[in-house]
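First, the structure itself, so that you have it in front of you.
The values are calculated or read from the model by the stated rules, or taken from the named source; none is laboratory data. Note that the structure is a prediction, hence the values are computed from the model and not measured. Every residue, glycine as well, gets a Cβ built from its backbone with ideal geometry; the counts of neighbours run over all protein chains shown.
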Amino acid sequence: MGFQVLVVLIKDSLSYMQEILLTYWWQILLVLCLVLYQYILRLIFGMVIVPEDKIGLVTKKFVLFGKNKELPAGRIIATKGEAGFQAKTLAPGLYFGKWPWQYDIKMEYFTVIPEGKIGLILSKDGAEIPTGNILAKKVECDNFQDAEGFLNNAGQKGRQSAYITAGSYRINTLLFELSISDMVRIQESMVGIITTLDGLPIEADQIAGNLIQGHNNFQDFDAFIKNGGNRGLQPQVILAGSYNLNPWAVQIEETLMTEIPIGYVGVVISFIGKEGNDLTGADFKHGNIVSKGSKGVWLEPFGPGKYPINKYTTKVELVPTTNLVLNWASARSEAHNLDKNLSTITVRSKDGFPFNLDVAQIIHVPTTEAPKVIARFGNMVNLVSQVLEPTIGNYFRNSAQDSDVIAFLSSRKERQESAKAHIKKVLDEYNVNAVDTLIGDIVPPESLMKTLTDRKLAEEQKLTYNTQKLAQETRQGMEKETAIADMQKDIVKAQQSVEIAERTANAAVKKSEGDAVSVKLAVNAEAEATKARAFAEAEATKARAQAESEAIKLKASAQAEQISLTGTAEAGKILEIGKSTAEAYQLAVEALGGDNFTRYKITEELANANIKLMPDVLINGNNGGSSIDGLLGLKLLEMMNPEQSAKNNAKTNS
């Protein structure tokens with residue numbers, strides 16, 4: 001029952017569709033033509049339309065007429081109408097005669113290389129690459145867009161040395177296989193070291209290829225090959241920037257530029273180049289120094305700066321041109337680290353004591369001598385280890401064996417000067433200037449140091465005791481001198497008193513003598529006596545004034561001197577008065593006679609002094625003396641004892 005119903009429904013549907021087709025057949029035919037017009041036109045006219053963003057890859061199925069029916073042996077792409085994959089592609093446009101039973105047309109989008117990329121090409125057909133080469137040579141083919149031109153121009157199958165840069169290309173992918181690769185970018189302060197993968201073999205005595213020009217930093221690798229470039233390490237490097245380098249042809253290693261700091265020079269050692277002439281002469285026998293570009297050590301070093309050096313073909317040894325300090329001290333090392341393996345020198349003295357000493361050596365390598373140093377030693381580390389370390393160590397060990405420890409310590413300055421002269425002479429032979437040699441800390445054995453310390457303490461104690469003794473002796477002398485100084489005032493006073501007494505006695509004697517002479521002079525002429533007295537008084541006044549002035553002046557300087565000068569002035573005064581009186585008396589004596597004048601003066605003096613005629617003390621002129629002698633003696637006693645005289649006068653007046 002159900003099956004019968006299904007059959008009825010199908011019959012009804014077919015009847016309905018038949019009616020529709022019979023009614024709308026022309027509309028249906030028109031829609032089909034509009035939809036399938038390309039297939040229809042291709043069937044009728046062999047017409048093919050290639051869109052503007054595509055190309056048509058053509059495969060020819062067979063050849064009806066003509067002699068080129070089959071591809072030559074080994075070929076897969078047809079260039080002359082043979083059956084198979086066709087080299088010529090269909091660019092965007094309208095084509096006829098491409099019937100589907102004879103041609104298969106495949107539409108492909110353009111090949112697009114993005115920005116910052118390159119396209120590497122592998123050809124599936126072409127001539128054979130010559131034996132020994134791995135990359136096909138470049139041929140004219142419009143950046144691989146003309147496959148027919150590529151094959152006709154003897155393009156080679158395999159990896160191509162040429163590449164295509166960023167852009168859109170009509171590439172026949174039936175012939176060419178495309179790979180996308182990044183551009184090469186070298187950063188600032190970096191260099192790119194190049195190793196090529198194709199080219200001529202490197203010469204037997206070289207480690208890198210020849211320097212080739214005209215390949216635009218290896219971006220035109222075909223030019224590199226044509227100009228005789230070698231495969232392998234290249235001497236040329238590329239600097240910071242972006243490059244289109246074929247990774248099938250070139251490998252690149254990015255490394256830092258060689259920097260030579262200030263205070264250094266870079267001695268260049270080239271491992272490549274022709275053998276150069278030695279520029280040092282016959283006297284230098286430690287290697288060849290050659291001109292720039294030759295193999296060996298270059299005569300001219302590089303100054304401070306940055307240089308694009310290929311580290312595999314060229315080596316730059318840094319040589320400091322400033323003063324360089326090297327320390328033979330276990331606890332100290334300079335920033336250059338050339339002395340990191342140096343340590344405190346241990347020596348043994350003549351008396352068998354081992355002790356340590358630190359040494360610092362200052363050296364200087366002139367710029368012009370730096371290549372010779374490197375040619376001789378290879379680097380600065382070898383200079384230190386092969387020359388400086390044994391030279392300085394052995395010198396101080398030998399020097400210590402000629403002396404005991406104490407003598408070595410005491411003659412440190414002399415040994416330092418001797419070491420400086422010796423090491424300078426040695427280093428001059430190695431083209432290095434020895435600036436100075438300095439002996440640092442000297443550490444004798446602990447047991448010897450204790451002995452020396454005890455001895456030194458004993459010596460210092462001895463000096464201390466001697467100093468204290470001298471201090472005590474000095475103090476005693478000072479106290480003695482102080483006591484003498486304290487007594488000096490009394491001594492001076494006593495001496496002045498003695499001098500005054502002596503001068504007083506002398507004045508009294510001279511007065512007596514003057515009195516006698518004056519009496520004699522008074523006798524000669526009264527007038528002359530008066531004149532002489534006046535003159536004497538004037539001179540006495542003048543002398544007194546001078547004495548007083550001098551006494552005042554000296555009093556301000558010193559009290560003790562005042563007393564001395566005052567006594568001198570008074571004595572002078574008395575002397576002058578005595579002289580005047582004596583002259584007057586002399587004139588009187590000459591006029592009156594000696595005895596008469598004496599009697600006259602005695603009487604005059606007694607009267608003026610109110611002296612009694614009968615004295616309280618009677619002096620007899622015994623032993624041959626006269627009474628006058630007694631009176632003169634009495635007068636002398638009064639002058640020597642003024643106080644007693646004053647008492648006697650007082651009694652007389654009463």
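Among Asn152, Asn172, Asn216, which is touching a helix residue (DSSP H, G or I) at 6+ places or on another chain (Cβ under 8 Å), under 18 Å from Ala87 (Cβ atoms) and not hydroxyl-bearing (Ser, Thr, Tyr)?
Numbers: Asn152 fails: touching a helix residue (DSSP H, G or I) at 6+ places or on another chain (Cβ under 8 Å); Asn216 fails: under 18 Å from Ala87 (Cβ atoms).
Being touching a helix residue (DSSP H, G or I) at 6+ places or on another chain (Cβ under 8 Å), under 18 Å from Ala87 (Cβ atoms) and not hydroxyl-bearing (Ser, Thr, Tyr) holds for just one of Asn152, Asn172, Asn216, which is Asn172.
Another one. Pairs please, first residue from the range 173-186 and under 15 Å from Thr89 (Cβ atoms), second anywhere and among the acidic types (Asp, Glu) and part of a strand (DSSP E or B), Cβ atoms under 9 Å, 6+ apart in sequence or on different chains.
Once the first residue is under 15 Å from Thr89 (Cβ atoms) and sits in the range 173-186, its partners that are among the acidic types (Asp, Glu) and part of a strand (DSSP E or B) give Thr173/Glu108.
Would you say Gln206 is farther than 27 Å from Thr111 by Cα, touching a residue at least 60 places away in the same chain (Cβ under 8 Å), in a loop (DSSP other than H, G, I, E, B) and not assigned by TED's automatic domain parsing to the domain that holds Ser270?
For Gln206, the condition - farther than 27 Å from Thr111 by Cα, touching a residue at least 60 places away in the same chain (Cβ under 8 Å), in a loop (DSSP other than H, G, I, E, B) and not assigned by TED's automatic domain parsing to the domain that holds Ser270 - is met.
What strands (runs of 3 or more DSSP E) completely inside the range 102-197 contain at least 1 residues that are over 30 Å from Val63 (Cβ atoms) and over 56 Å from the mean Cα position of the chain (by Cα)? Give the steps one after another, and end with the answer.
On the way: elements: 103-109, 111-113, 117-123, 158-164, 167-169, 176-182, 184-186, 190-196.
Correct list: 111-113, 158-164, 167-169, 176-182.
Which of the numbered conditions does Thr196 fail, given that it passes all the others? Conditions: (1) of a type in the set (Ser, Thr, Tyr); (2) buried (at least 16 other Cβ atoms within 10 Å of the Cβ); (3) outside the structural domain of Trp248 (by TED's automatic domain parsing).
Here Thr196 clears every test but (3).
Of everything in the range 305-348, what is closer than 30 Å to Asp404 by Cα, of a type in the set (A, V, I, L, M, F, W, C) and in contact (Cβ under 8 Å) with a residue 24 or more places away in the chain? Give them in sequence order.
Going through the range 305-348, the residues closer than 30 Å to Asp404 by Cα turn out to be 325-333, 339, 341-348.
Adding the requirement that they be of a type in the set (A, V, I, L, M, F, W, C) leaves 325-326, 328-329, 331, 342, 345, 347.
Hits for the range 305-348 are Val325, Leu326, Trp328, Ala329, Leu342, Ile345, Val347.
Would you confirm, using the coordinates I've provided, whether Thr368 is surrounded by fewer than 20 Cβ atoms within 10 Å (Cβ to Cβ), modelled with pLDDT of 90 or more and in the same structural domain as Leu427 (by TED's automatic domain parsing)? Full working, then the answer.
Values: surrounded by fewer than 20 Cβ atoms within 10 Å (Cβ to Cβ): yes; modelled with pLDDT of 90 or more: yes; in the same structural domain as Leu427 (by TED's automatic domain parsing): yes.
Taking the combined requirement at face value, the residue satisfies it.
Which residue is farthest from the chain's Cα centre (by Cα), if the candidates are limited to the range 245-299 and must be under 22 Å from Asn431 (Cβ atoms) and of a type in the set (S, T, N, Q)?
Only one residue tops the list, namely Asn277.
Tell me which residues, restricted to the range 247-279, are among the acidic types (Asp, Glu) and at pLDDT 90 or above.
Let us first name the residues in the range 247-279 that are among the acidic types (Asp, Glu), namely 253-254, 259, 275, 278.
Scanning the range 247-279 gives Glu253, Glu254, Glu259.
Count, please, the residues in the range 86-101 that happen to be part of a loop (DSSP other than H, G, I, E, B) and modelled with pLDDT of 90 or more. Quick ask: steps written out before the conclusion?
Initial filter on the range 86-101 (part of a loop (DSSP other than H, G, I, E, B)): 87-89, 91-92, 96-101.
Right, trim to modelled with pLDDT of 90 or more and you get 87-89, 91-92.
Selection size over the range 86-101: 5.
Given (1) among the polar types (S, T, N, Q); (2) in contact (Cβ under 8 Å) with a residue 40 or more places away in the chain; (3) crowded, with 19+ Cβ neighbours inside 10 Å, identify the lone condition not met by Ser294.
(2)
Say whether the condition of being modelled with pLDDT under 80 and of a type in the set (Val, Ile, Thr) is met by at least one residue in the range 457-477.
Taking every residue of the range 457-477 in turn, none turns out to be modelled with pLDDT under 80 and of a type in the set (Val, Ile, Thr).
Additional query: Only one of (1) surrounded by fewer than 14 Cβ atoms within 10 Å (Cβ to Cβ); (2) in contact with a Lys or Arg (Cβ under 7 Å, 6 or more places away or on another chain); (3) acidic (Asp, Glu) is not met by Asp351, so which one is it?
The number of the failed condition is (2).
Oh, and also: Could you run through the range 253-266 and say how many residues are out of contact with any Phe, Trp or Tyr (no Cβ under 6 Å at 6 or more places or on another chain) and either hydroxyl-bearing (Ser, Thr, Tyr) or buried (at least 19 other Cβ atoms within 10 Å of the Cβ) (or both)?
3
Which one of these does Ile202 not meet: (1) of a type in the set (Val, Ile, Thr); (2) modelled with pLDDT under 95; (3) surrounded by fewer than 16 Cβ atoms within 10 Å (Cβ to Cβ)?
Failing condition for Ile202: (3).
Of the residues Thr111, Thr131, which single one is without any contact (Cβ under 8 Å) to a residue 12 or more places away in the chain, of a type in the set (Val, Ile, Thr) and closer than 30 Å to Val184 by Cα? Explain how you work it out, then say what you get.
Numbers: Thr111 fails: without any contact (Cβ under 8 Å) to a residue 12 or more places away in the chain.
Sole residue among the options that is without any contact (Cβ under 8 Å) to a residue 12 or more places away in the chain, of a type in the set (Val, Ile, Thr) and closer than 30 Å to Val184 by Cα: Thr131.
Does at least one position in the range 294-305 carry a residue that is over 27 Å from Ile186 (Cβ atoms) and either among the β-branched types (Val, Ile, Thr) or at pLDDT 95 or above (or both)?
Yes - at least one qualifying residue is present in the range 294-305.
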